[in-house]
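Colleague: Got a structure for you, written out below as structure tokens; questions coming shortly.
The values are calculated or read from the model by the stated rules, or taken from the named source; none is laboratory data. On a predicted model such as this, the values are computed, not experimentally measured, just so you know. Cβ sites come from the backbone with ideal geometry, for glycine too, and all protein chains shown count toward neighbours.
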Amino acid sequence: MERQEPIGVLFVCMGNICRSPMAEAVFRRLVAAAGLDERFFIDSAGTGNWHVGEPPHHGTLAVLARHGIDPGNQRARQITRSDFDRFDYIVAMDHENLAALQRLRRDTRAQVSLLLSHAPGLSVREVPDPYYSGGFDQVFDLVDAGCRGLLAYIREREGLL
């Protein structure tokens, strides 16, 4: 029997202004291009609360604009324990945030993973934080590869082929 409720995907980084909102926007675009908008609920959050309520970083907005991707009206928020009940897939940008998610995690249905674990062809496993160092174009390339692999993984796992 086909699943009726939307598949929840939550992207997580440290402050929810650079990497995770970029991944959210990229994944939304990929899902829309696949004609699966109605089948997904997509969001992003941070493990920290420093930027709650702020829009994405100007570097994230600039790289998304260069790729013709609309970030929507995103505002940073902090992950909550209830997110583990709301989302099926919670995807961290790096090992530090993955560890933070594992500490928060309860016995729920949410599958927690690293974004780049879904891009096995890459030589890196973490999406670097561009907040201080820049590198938003490199981060975009990694996020794009990870999101493509994640969507393929979810489509196969959920029978959306």
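Colleague: If the requirement is being within 15 Å of the chain's Cα centre (by Cα) and over 17 Å from A152 (Cα atoms), which of these qualifies: H118, H95, H58? So that I can check it myself, show each step before the final result.
Modeller: Values: H118 fails: over 17 Å from A152 (Cα atoms); H58 fails: within 15 Å of the chain's Cα centre (by Cα).
Within the list H118, H95, H58, the selection yields H95.
Colleague: Follow-up. List the number of the failed condition for R106; all other conditions in (1) modelled with pLDDT under 95; (2) in a helix (DSSP H, G or I); (3) not aliphatic (A, V, I, L, M) hold.
Modeller: Single failed check for R106: (2).
Colleague: Assigned to a strand (DSSP E or B) and either closer than 19 Å to I69 by Cβ or out of contact with any Lys or Arg (no Cβ under 7 Å at 6 or more places or on another chain) (or both), is that true of I154?
Modeller: Details: assigned to a strand (DSSP E or B): no; either closer than 19 Å to I69 by Cβ or out of contact with any Lys or Arg (no Cβ under 7 Å at 6 or more places or on another chain) (or both): yes.
For I154, the condition - assigned to a strand (DSSP E or B) and either closer than 19 Å to I69 by Cβ or out of contact with any Lys or Arg (no Cβ under 7 Å at 6 or more places or on another chain) (or both) - is not met.
Colleague: Same structure again: Is it true that some residue in the range 99-106 is out of contact with any strand residue (DSSP E or B) (no Cβ under 7 Å at 6 or more places or on another chain), crowded, with 16+ Cβ neighbours inside 10 Å and either of a type in the set (G, A, S) or under 25 Å from D141 (Cα atoms) (or both)?
Modeller: Scanning the range 99-106, I find at least one residue that is out of contact with any strand residue (DSSP E or B) (no Cβ under 7 Å at 6 or more places or on another chain), crowded, with 16+ Cβ neighbours inside 10 Å and either of a type in the set (G, A, S) or under 25 Å from D141 (Cα atoms) (or both), so the answer is yes.
Each row is one residue, and each column tells you yes or no for (1) within 19 Å of E156 (Cα to Cα); (2) free of Cβ contacts under 8 Å to residues at least 40 places away in the same chain; (3) surrounded by fewer than 14 Cβ atoms within 10 Å (Cβ to Cβ).
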site: R28; (1), (2), (3): yes, no, no
site: D43; (1), (2), (3): no, no, no
site: W50; (1), (2), (3): no, yes, yes
site: L114; (1), (2), (3): yes, yes, no
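Colleague: Would you please name the residue that is farthest from the chain's Cα centre (by Cα), looking only at residues in the range 1-26 that are charged (D, E, K, R) and surrounded by fewer than 14 Cβ atoms within 10 Å (Cβ to Cβ)?
Modeller: Of all residues in the range 1-26, those charged (D, E, K, R) come to 2-3, 5, 19, 24.
Keeping just the survivors that are surrounded by fewer than 14 Cβ atoms within 10 Å (Cβ to Cβ) gives 2-3, 5.
On the way: E2: 24, R3: 22, E5: 19 Å.
Among them, the one singled out is E2.
Colleague: Further question: Give me the pairs: first residue in the range 76-95 and in contact (Cβ under 8 Å) with a residue 60 or more places away in the chain and aromatic (F, W, Y), second residue surrounded by fewer than 16 Cβ atoms within 10 Å (Cβ to Cβ) and outside any helix (DSSP H, G or I), beta-carbon distance under 7 Å, and six or more apart or on different chains, which are they?
Modeller: Between residues of the range 76-95 that are in contact (Cβ under 8 Å) with a residue 60 or more places away in the chain and aromatic (F, W, Y) and residues that are surrounded by fewer than 16 Cβ atoms within 10 Å (Cβ to Cβ) and outside any helix (DSSP H, G or I), the close pairs are Y89/Q111.
Colleague: Another question, if that's okay. Criterion first (aromatic (F, W, Y) and modelled with pLDDT of 95 or more) does Y132 satisfy it?
Modeller: On the way: aromatic (F, W, Y): yes; modelled with pLDDT of 95 or more: no.
Taking the combined requirement at face value, the residue does not satisfy it.
Colleague: Listed residues Y132, Y89; which is crowded, with 21+ Cβ neighbours inside 10 Å and out of contact with any Cys (no Cβ under 8 Å at 6 or more places or on another chain)? Show your work before the answer.
Modeller: Details: Y132 fails: crowded, with 21+ Cβ neighbours inside 10 Å.
Exactly one of Y132, Y89 is crowded, with 21+ Cβ neighbours inside 10 Å and out of contact with any Cys (no Cβ under 8 Å at 6 or more places or on another chain), namely Y89.
Colleague: Still on this structure: Going through P128, P120 one at a time, which residue ends up being in a loop (DSSP other than H, G, I, E, B) and within 19 Å of W50 (Cβ to Cβ)?
Modeller: P128
Colleague: Next question, about the same structure. So, in the range 30-41, of the ones that are out of contact with any Asp or Glu (no Cβ under 7 Å at 6 or more places or on another chain) and touching a residue at least 40 places away in the same chain (Cβ under 8 Å), which residue ends up nearest to R105 (Cα to Cα)?
Modeller: So the first thing to find is which residues in the range 30-41 are out of contact with any Asp or Glu (no Cβ under 7 Å at 6 or more places or on another chain), and the list is 30, 32-41.
Still in the running and touching a residue at least 40 places away in the same chain (Cβ under 8 Å): 30, 34, 36, 39, 41.
On the way: L30: 27, A34: 31, L36: 28, R39: 24, F41: 20 Å.
The residue in question is F41.
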